[in-house]
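Any read-out appearing in this document is the output of simple, stated calculations on the displayed coordinates, not a laboratory observation. All of these numbers come straight from a predicted model, not from anything done at the bench. Because the Cβ atoms are built from the backbone with ideal geometry, glycine has one as well, and the counts that use them run over all protein chains shown.
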Amino acid sequence: MTDLLALQVRCSDQVMFQKVGGESVLLDLASEHYFGLDETGTRIWELLAEDGAVRRAFHTMLEEYDVKEEILHRDFSNLLDELVQEGLLALVEESDGREKNIG
Amino acid sequence: MYSLSGYGEMIRDDSRMAAYVTAMQRSITEDSVVADIGTGVGIFAFIACRLGARKVYAVEPEDIIGVARELAAANGFGDRIEFIQKRSTEVDFSEKADVIVSDLGGVLPMFRTSLSDIVDARERLLAPGGTLIRRTDRLWAAVVESPRLYDKVSRPWLDRPFGVDLGHALQKASNVIVRTSGNDVELLTAPVPWGAIDYHELATVDVRGDIDFMARRAGQGHGLLLWFEGETADGVTYTSGPGGNSVYGNAFLPWEAPVAVSETDRIHVKISADLVHDEYQLSWRSRILDRRGDEKGRFMQSTFQGQAFAAESLRRRSASYTPLRNLEGEIDAYVLQQMDGTRTSGEIANLVLDAYPKQYQSWEEAVARVGELSRRYATGESSKPPVGTFVQFGST
């Protein structure tokens, strides 16, 4: 199983992002699909968009939100999985820079 | 959809008309079948007739086609022109067209479904070896200084009107395309081509380009100016470029903040136009570097960033929302149910009045509602009233 925190992500350059209040709208130009992220999803996206480091984003979320680590790990993982499935994010392992699917 | 005066302005654009007419003169013969896609008031269809075309299809989804019909009759072209009030993607011709004339773009050739409509027409409606007019568009850009245009974009949000801070909206307001005549800009760089559209070859309707500008004079960089050069036939071109007073105008893409540009600064820009649900999303990513390569400005902008979204509307549009029909929806559903080909709109309006007496003050109001739904959802096949019948419309 891939170590979630060891992953590096890259936001697709086909994705446009706009904050709406605390939430956000994403438009994938490739699929022409719109997506919405709630407040925490938006914060995760913003953190990942900064430098793609999942570990840093995860620990920042842990500091900013009153949440148990295992619950955040589960929700974070689920969100990344969905974003990857939809082609909004590409996941890259830190060690060798190869792109791969989460799982 | 243009107004009648808008069509008039297009006809008065001499360089545009000259380029189209020259191309039509070269390609239309007495045996030609011509299609005018987006005929408007019918001008290209009439010119095709004057050039001797045997048959002309004039296709236009909007009601302006009614004016075109009247003008055709007044000029004696009525027997050669078949007017079709539909989108070109919905029509079939009994004979393929030897020449298809169209001008479906706006300030840029990428306008709503303009490119996909031409591709569709080329594939389905054009005879093998047929001619498309226009045949190519070349896309141009320059970095510009324009305090007036920039003020137009930014001042409402920066000036604290009525003592209110509207500055938060500036970022959104500067992610828009401003149509301009191009007479109020100074070019800080030479114009650079960033894309070309060959309508005979076009396969994808998204357009992208990378541009490397070198500033040729110092000034305040306020954004980019885009325009196009159309080619209607071999060597026959016209431009919508700045200063030409073209009917198309130019597209000003502001930067989020002005940048003091020095001579020999380099400006890298990536532009993309992506068709999303029948509207183009334009994005422009600009990076301004001085002669040592130090970054003076960097902007990632798009018309998507300029769109207004409201959280409640987004929730209603999401797949996880469970919608419940409101009263308006119920009335519409009721009306649509009555449209089974057996009742007139007036009869349906009577039923609506009985079913929803509190919603309508008069029969005319109900007919207007039915008429609007009929315009959108009726097949268009209907028995004609006998000659001399008085027909009442709820509204037009």
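Quick notes
- Extended-chain gain in nm, criterion 0.36 nm per residue less alpha-carbon gap, B:Q25 and B:R112: 28.4 nm
- Size of the stretch B:1-55 as Cα extents on the principal axes (Å, biggest first): 33, 20, 14
- Note on B:155-162: average number of Cβ atoms from other chains within 10 Å of each residue's Cβ is 0.
- Along the axis of the charge dipole computed for the stretch B:305-380 (Cβ charges of +1 for Lys and Arg, -1 for Asp and Glu, origin at the Cα centre), the listed residues B:L351, B:T379, B:A308 are led at the positive end by B:A308.
- According to the Cα-based calculation, Rg over Rh for the protein assembly as shown is 1.03, with Rh computed by the Kirkwood formula.
- The packing ranking of peptides B:31-40, B:128-137, highest mean first, is B:31-40, B:128-137, where packing means the average number of other beta carbon atoms within 10 angstrom of each residue.
- Dividing the summed -39500 (n - 2.57) terms of all DSSP H runs of n ≥ 4 by the residue count of chain B sets its mean residue ellipticity at 222 nm at -8500 deg cm²/dmol.
- Partner chain coverage, peptide A:16-27 - average Cβ within 10 angstrom: 5
- Partner lysines for B:K86 [C-alpha distance under 24 Å; skip if fewer than 8 residues away on the same chain]: B:K55, B:K96, B:K384
- Rounded to the nearest 10 degrees, the inclination of helix B:65-74 to the longest alpha-carbon principal axis of chain B is 70 degrees.
- Rg [Å, one decimal], Dmax [Å, integer] - the stretch B:171-238, C-alpha atoms: 15.0, 44
- Cα long-axis angle, helix B:14-27 against chain B (0 to 90 degrees, to the nearest 10): 60
- Rg over Rh, two decimals, the stretch A:34-95 (C-alpha only, Kirkwood Rh): 0.93
- If you wrap chain B in the convex hull of its Cα atoms and look at it from every side, the mean projected area works out to 25.5 nm².
- Under 15 Å from the Cα of B:K270 - aspartates and glutamates, other chains or at least 8 residues apart: A:D13, B:D206, B:D210, B:D212
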